[in-house]
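Read the figures in this text as sums done on the coordinates, not as results from a lab. Quantities reported herein were computed from a predicted structural model and do not represent experimental measurements. When we count neighbours, we look across all protein chains shown, and the Cβ atoms used for this are built from the backbone with ideal geometry, even at glycine.
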Amino acid sequence: MNSTQDLLNQILHSDLSTDERAQLRCRLAKQLQEIGRYDKARDAMGELWSGIGTPPNLEGLSDRTKGDALLRIGSLTSWLGSIRQVEGAQETAKNLLSESIATFQSLHDVKKVAEAQTEIGLCYTREGAIDNARVWFAEALTRLNDQDGDLKAVALLRSALVEQLANRLNDALNILTTSAPLFHTSTNHTLKGSFHNEFAMVLKDLGAIENRADYIDRALIEFSAASFHFDEAGHARYQACVENNLGFLFGTIGKFVEAHEHLDRAQALLTQLKDSVHLAQVEETRARVMLAEGDIVRAAKSAKSAVGILEKGDEPSLLAEALISYGIALSRLKDEQHSREAFERAIAVAEPAGDLESAGLAALTLFEHLAEQLSDDEILKILERAWDLLKDTKNTAIRERLTKSAFLALSIIHPFKPDWSSFSLVQTLNRNKARYIQQALQDAGGKISKASRLLGLTRHSNLQYMIKKLHIDFSSGRTTVDEQERTAIASPVPESYRRKLGMKE
C-alpha cells in the first residue's frame with residue numbers, strides 16, 4: 001500500500017487523466033478515513049466533493065470510478081455527519097451508497113457491493129434501526145469469504161456491534177470469538193484495535209450482568225490491546241473512545257478516581273478533534289459515573305450537556321441513552337415532572353427509529369424510578385409498553401428487572417388482603433421500610449452515607465437510628481419491632497382521639 005504522502009504526490013502529477021486522479025483521491029481518502037482523519041479525507045477528495053450538502057462532481061469518470069467515488073463520499077458523509085451531528089446526514093449517506101451499489105452491480109463487482117452494504121449498515125446502526133442494520137450486514141457477508149480478509153472482518157465486527165447494542169451479548173461474543181483469526185492475521189492496526197475494543201465492550205457488559213470478575217479483568221486487557229493498536233495506527237479519535245470505555249468500566253467497579261482520569265483524557269483528545277458526538281458520549285459516561293458515586297447534581301449537569309449536543313444530530317439511540325441518564329438524575333433530585341418528561345422523550349426518540357431496546361429500557365426505568373408517582377392506570381400502561389418493547393430481549397438482567405417491576409406493580413395496585421386477626425399496621429410499615437433500607441444498603445455496598453442519599457435522608461444518623469430501631473436482621477431478612485412501638489400497638493387509643501378519627505368500638 002502506498003503511503004498517504006506518496007499518493008498525495010501522485011495526485012499532483014499533471015499528466016494524469018481525470019479518471020486516474022479520481023481513483024488516487026479515493027484511495028487517499030480511504031487511508032485517511034481509516035485513521036480517523038475525516039476532514040483530511042474530505043479535503044483529499046478535491047474537486048470530486050466539497051462536503052456534506054453538496055452533490056459530488058462525477059463528470060468525465062468511468063463507471064467504476066464513479067462507484068468508488070460514491071462509496072467514499074457516502075461513507076465520509078456518514079462519518080462527518082456523525083461527529084459533527086449534522087441532521088439528515090445518515091439519510092444522505094444511504095442515498096449515495098445506494099447509488100454506488102447500483103453502479104457496482106451493473107459491473108458485477110460483488111466485493112464492492114458488499115463493502116458498500118457494510119457502510120449502509122453502519123448508517124442504520126447510527127440511526128438506531130438495529131434490525132435494518134443487521135439485514136445489511138448479513139447480506140454483505142453472503143458475498144464474502146475468508147479470502148476477503150479485512151473486508152469480511154469489517155462486516156463481522158459491525159455485526160457484533162449491532163448485537164452488542166441490541167443486548168444480545170452472547171451472540172456478539174460468539175461472532176467475535178469465531179472470527180478472531182481473521183483479525184489476528186490482519187496488518188491493519190485500526191481494524192485490530194477495533195476488534196479488541198469491541199471484544200472488551202462485550203466482556204464488560206457480560207461481566208456486569210453475570211457478576212464475572214474474570215470477564216472484567218479480561219476486558220481491561222482487551223482495552224489495553226485496543227489502545228496499543230490505535231496508537232500504532234495514529235488513530236487519536238479511537239484512542240479517546242477507549243479512554244471513555246475505561247472510564248465507564250472503572251466507574252462500574254467503584255474506582256471513581258481512575259474513572260474520571262480516563263474520562264478527562266478522552267475529553268481532552270476529543271475537544272482537540274472537535275468531535276461533538278463522542279464528546280457527548282463522554283459526558284453521558286461521566287453522568288453515569290457520578291450517579292454511581294452519589295454526585296447527583298453534577299450527574300444531572302453532565303447528562304443535560306450530552307442531551308443538548310445529541311439532540312442536534314440524527315443518532316436517536318445515543319440521545320435516548322443520554323435522556324435515560326438525565327431522567328435518573330432528575331428523579332433522584334426529586335424533580336419527578338422533568339424526570340418523567342426525559343424518560344418519555346427517550347421512548348419517543350428511540351421507538352420510531354427502530355431501537356426498541358432503548359425505548360423499552362426508557363419505559364422500564366421510568367417505572368423503576370417513578371412508580372410511587374404514577375396512577376394505577378399509568379403503571380399498567382407503562383409496564384405493558386416496556387414488556388411489549390423488551391419481550392424479545394435476551395439480556396437476563398433486563399428480564400429480571402421486568403419481573404421485579406411486575407411484582408412491585410402488583411403490590412402497589414393490588415395489595416394482598418391481610419389476616420386481620422394478627423395484623424399490625426406498624427409492623428407492616430416497618431417491614432416495608434426495612435426492605436427499602438436493605439435494598440439501599442445493598443446497592444450502596446454497605447455504605448451508610450451513600451444508602452442515606454439513595455433513600456433521600458438528609459442525615460446519616462437518621463438511617464443509623466432506623467436500622468437500630470427496626471432491629472433489622474440482614475442475614476435472615478426479618479424485621480422486629482422496637483419494644484416501645486410494641487407497647488404503643490397494645491395500648492388503647494385515647495377516647496378523645498377516637499372521636500376525632502371517627503373510630504367505633
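Between segment 148-213 and segment 364-396, how far is it from one alpha carbon centroid to the other, in angstrom?
Taking the Cα centre of each part, segment 148-213 and segment 364-396 sit 31 Å apart.
Averaging over all projection directions, find the projected area of the Cα convex hull of segment 1-111 and quote it in nm² with one decimal place. Spell out each step's value before the answer.
On the way: hull surface 27.5 nm².
For segment 1-111, the mean projected area of the Cα convex hull comes to 6.9 nm².
Can you put ASP376, ASP231 in order, fewest other beta carbons within 10 Å first? Walk me through the intermediate numbers first.
Numbers: ASP376 11, ASP231 15.
Fewest to most other Cβ atoms nearby, the residues stand as ASP376, ASP231.
Determine the gain in length on full extension of the stretch ASP6-ALA213; use 0.36 nm per residue of separation and subtract their C-alpha separation, reporting nm with one decimal.
Values: separation 207, 0.36 × 207 = 74.52 nm, distance 4.78 nm.
Separation in residues times 0.36 nm, less the Cα-Cα distance, equals 69.7 nm.
What FRET efficiency do you get for THR271 and LYS40 if R0 is 30 Å and r is their Cβ-Cβ distance, rounded to the nearest 0.05? Can you show the working numbers first?
Working: r = 18 Å, r/R0 = 0.61.
Efficiency, from the Cβ-Cβ distance: 0.95.
Which lysines, on any chain, are close to LYS192 with Cα under 16 Å apart, when same-chain ones fewer than 8 places away are left out?
LYS152
To the nearest 0.05, what FRET efficiency results for GLU372 and ARG298 with a Förster distance of 35 Å applied to their C-beta separation? Show your work: numbers first, answer last.
Working: r = 25 Å, r/R0 = 0.72.
In this case the efficiency is close to 0.90.
What number results when the radius of gyration of the chain, computed over Cα atoms, is divided by 2.2 N^0.38 Å? Mind dumping the intermediate values first?
Values: Rg = 27.9 Å, N = 505, 2.2 N^0.38 = 23.4 Å.
Against the empirical 2.2 N^0.38 Å value, I get 1.19 for the chain.
Once you keep just the Cα pairs under 8 angstrom separated by 6 or more residues, what percentage relative contact order results for the chain?
9
Please work out the C-alpha center-to-center distance from segment 337-357 to segment 91-140 and express it in whole Å.
Cα centroid to Cα centroid, the span is 28 Å.
Find how many whole Å separate the alpha carbon centroid of segment 224-286 from the alpha carbon centroid of segment 1-61.
When both Cα centres are located, 30 Å separates them.
Give me the Kirkwood hydrodynamic radius of segment 326-469, using the inverse of the mean 1/r over all pairs of distinct Cα atoms, in Å to one decimal. Each step should come with its number before you reach the end.
Numbers: mean 1/r = 0.0592 Å⁻¹.
Final number for the Kirkwood radius of segment 326-469 is 16.9 Å.
If you average the sequence gap of Cα pairs under 8 Å that are 6 or more apart and divide by the length of segment 247-399, what percent do you get for the contact order? Show your work: numbers first, answer last.
Numbers: 204 pairs, mean separation 22.9, N = 153.
Across segment 247-399, relative contact order equals 15 percent.
How would you rank GLU351, GLU222, GLU87, going from fewest to most other Cβ atoms within 10 Å of each one's own Cβ? Can you show the working numbers first?
Numbers: GLU351 20, GLU222 23, GLU87 11.
Arranged by neighbour count, lowest to highest, GLU351, GLU222, GLU87 become GLU87, GLU351, GLU222.
Could you tell me the relative contact order of segment 263-344? Use alpha-carbon pairs under 8 Å, at least six residues apart, and round to a whole percent. Can you show the working numbers first?
Details: 92 pairs, mean separation 19.9, N = 82.
After rounding, I find 24 percent.
Around TYR215, what is the net charge, scoring Lys/Arg as +1 and Asp/Glu as -1 over all other residues with Cβ under 11 Å from its Cβ?
Numbers: positive: LYS204, ARG212, ARG218; negative: ASP205, GLU210, ASP214, ASP217, GLU222.
Around TYR215, the surrounding residues sum to -2.
What does the charge count around LYS112 come to, taking other residues whose C-beta lies under 12 Å from its C-beta (Lys +1, Arg +1, Asp -1, Glu -1)? Display every interim value, and only then the final one.
Values: positive: ARG64, LYS66, ARG72, LYS111, ARG143; negative: ASP63, ASP68, ASP109, GLU115, GLU119, ASP148.
In short, -1.
Please give the FRET efficiency for THR403 paired with ASP15, using the beta carbon to beta carbon distance and R0 = 56 Å, rounded to the nearest 0.05. Don't skip to the end; give the middle numbers.
Values: r = 72 Å, r/R0 = 1.28.
According to the calculation, E is roughly 0.20.
Multiply the residue separation of HIS338 and ILE412 by 0.36 nm, subtract the distance between their alpha-carbon atoms, and state the gained length in nm to one decimal. Write out the running numbers ahead of the final one.
Numbers: separation 74, 0.36 × 74 = 26.64 nm, distance 2.30 nm.
Answer, rounded to one decimal: 24.3 nm.
Compactness ratio of segment 60-159: Cα Rg over 2.2 N^0.38 Å, N = residue count? Write down the numbers at each step before the final one.
Values: Rg = 12.9 Å, N = 100, 2.2 N^0.38 = 12.7 Å.
Against the compact-globule rule of thumb, the ratio is 1.02.
Please work out how much length the chain gains when fully extended from ASN95 to THR185, using 0.36 nm per residue of separation minus the C-alpha to C-alpha distance, in nm with one decimal.
Working: separation 90, 0.36 × 90 = 32.40 nm, distance 3.36 nm.
The ASN95-THR185 span can extend by a further 29.0 nm.
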